[in-house]
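Structure first, then comments.
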Amino acid sequence: MRALYDVQQILKRFGTYIYVGKRMWDIELMMIELKKIHSQGLIEDSEYFKALMILKKEHQIEIEKENEK
């Protein structure tokens, strides 16, 4: 697991498709859904933490892009 696409595939396994229209909002919603799935014990800790780190990294990139404007 290396990219946002991989996190989307995890969510897709549970029938969750996220598209709000703004990448930052999509990432934030993915974090919420990922936490729900993990709290229900549906994914392993290792998979959860990898996915969460990817989302945090992508979120930071979006924040930096916003600050450049």
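General remarks:
- Backbone geometry of the range 15-22 corresponds, through the Karplus equation with coefficients 6.51, -1.76 and 1.60 at θ = phi - 60°, to 3J(HN,Hα) couplings of x, 9, 10, 10, 8, 9, x, 10 Hz, x marking Gly and Pro.
- In degrees, nearest ten, helix 4-13 long axis to first principal axis of the chain (Cα): 30
- For Thr16, nonlocal amide neighbours, meaning residues 5 or more places apart or on other chains whose placed amide H falls under 5 Å from its own, do not occur.
- For the range 4-68, size of Cβ-based charge dipole, Lys and Arg +1, Asp and Glu -1, in debye: 180
- Nearest 10 degrees, 0 to 90: helix 45-68 Cα axis against the chain principal axis: 10
Every read-out reported here was derived from the displayed coordinates using simple, explicitly stated rules and does not represent laboratory data. Quantities reported herein were computed from a predicted structural model and do not represent experimental measurements. Note that we place each Cβ from the backbone using ideal geometry, even for glycine, and neighbour counts take in every protein chain shown.
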